Amino acid sequence: MIRAIAFDWGGVLIENPTKGLLKYCAKQLQMTEHSLSNAYRKYAESFQKGTISEQSLWEIISPEWKNHSPRIFSLWEKAFKNVYQENKEVFQFVSLLKQNGYLTGFLSNTEYPAMRFFQKQHYDMFDVTVFSCAEGTRKPEKKIYQILLTKLRVEPQETVFVDDRSEFIDGAETIGIHGILFQDLDQLRRDLSSLSVKVT
């Protein structure tokens, strides 16, 4: 029996922010999007695992391109706010699942500035939240899914994880969690219904 459903952030609960984030930051850093994307890719894992700070990230990237580090407190958080676009119907659906008695979780590969932004939204539909930057591990590593299960206090077979990237679904399924590759809300309802989850 399914007791808990957990959701990814970018690409599920919100529109995927990555391209917009890099575009915004590139403009502030006076870099091309392509150049920033290539530089960022080298450090994305460390940034998402919380092993490198935002300031350190810019100090590494900016000298490489002969630019100055951003002078605002958090360029990444400001960029996130600028591009943030909720999939409101999905948030409402999470609230419905919670009202129906299911435990609800949030699991995201994300950075400390984005985590702070999330916390400022005061979302109340999630029973637990798991941020890669705070845990030092990220999808699709087994450890982060195990942390999710521990926080939810459920077994893998009692849990569904919803993500828009197949490699992250595969990671969840490796430890026995039911995975659903998100396409749209109607498809999600159907797939959850097939697992006998009450979706109305």
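Values in this text are rule-based calculations from the coordinates and carry no lab data. Note that the structure is predicted; figures quoted are calculated from it, not measured. Cβ coordinates were reconstructed from backbone atoms using ideal geometry, including for glycine residues, and neighbour counts include every protein chain displayed.
For Cα extents along the principal axes in Å, the candidate list reads (i) 51, 33, 30; (ii) 56, 30, 26; (iii) 55, 32, 31; the entry that matches the value derived from this model is (ii).
Rg of the Cα atoms in segment 93-179, relative to 2.2 N^0.38 Å, amounts to 1.05.
Just to verify a number: FRET efficiency for Gln28 and Gln146, C-beta to C-beta distance, R0 = 45 Å, to 0.05?
About 0.75, to the nearest 0.05.
Just subtract the alpha-carbon distance of Thr51 and Lys98 from 0.36 nm times their residue separation and send over the number in nm, one decimal. Intermediate results must be reported in sequence, preceding the final value.
Numbers: separation 47, 0.36 × 47 = 16.92 nm, distance 3.33 nm.
Fully extending the segment from Thr51 to Lys98 adds 13.6 nm.
Between Glu59 and Leu181, the FRET efficiency estimated from the beta carbon spacing at R0 = 30 angstrom works out to 0.20. Test of the criteria: in segment 119-200, which chymotrypsin sites (Phe, Trp or Tyr not before Pro) are in a DSSP loop and have at most 16 other Cβ atoms within 10 angstrom of their Cβ? Hits after loop and neighbour filter: Tyr123. Computed over the chain, relative contact order equals 28 percent, with contacts defined as Cα pairs under 8 Å that lie 6+ residues apart. Expressed as a whole number of Å, what is the distance separating the alpha-carbon centroids of segment 8-60 and segment 122-200? Comparing the Cα centres of segment 122-200 and segment 8-60, I get a distance of 24 Å. Magnitude of the charge dipole for the chain, about its Cα centre and with charges confined to Cβ atoms of Lys, Arg (+1) and Asp, Glu (-1), is about 480 debye. What distance in nm separates the simple spin-label points at Val199 and Tyr123, each placed 7 Å from Cα in the Cβ direction? Rounded to a tenth, the inter-label distance reads 1.9 nm. Only DSSP H runs of four or more residues enter the estimate; each adds -39500 (n - 2.57), and after division by the residues of the chain the mean residue ellipticity at 222 nm equals -15000 deg cm²/dmol.
Each residue of segment 14-27 is assigned a 3J(HN,Hα), and the resulting list reads 9, 5, 4, x, 4, 4, x, 4, 5, 5, 5, 5, 4, 5 Hz, derived from the Karplus form 6.51 cos²θ - 1.76 cosθ + 1.60 (θ = phi - 60°), x at Gly and Pro. Phi angles across segment 188-195 convert, under the Karplus curve 6.51 cos²θ - 1.76 cosθ + 1.60 with θ = phi - 60°, into 3J(HN,Hα) values of 4, 4, 4, 5, 5, 4, 5, 9 Hz, Gly and Pro given as x. Give Lys78/Lys120; Lys49/Lys143; Lys27/Lys139; Lys81/Lys151 a once-over and call out the pairs whose C-alpha atoms are over 20 Å from each other. Those over the limit are Lys27/Lys139; Lys81/Lys151. Taking 0.36 nm per residue of separation and subtracting the Cα-Cα distance, what length does fully extending Arg189 through Lys19 add? Contour length minus the Cα-Cα distance gives 58.4 nm. Amide hydrogen proximity for Gly179: with H placed 1.01 Å from N in the peptide plane, the residues at 5 or more positions away or on another chain lying under 5 Å are Phe161. The mean sequence separation of alpha-carbon pairs under 8 Å and at least six residues apart, normalised by the residue count of segment 108-177, gives a relative contact order of 29 percent.
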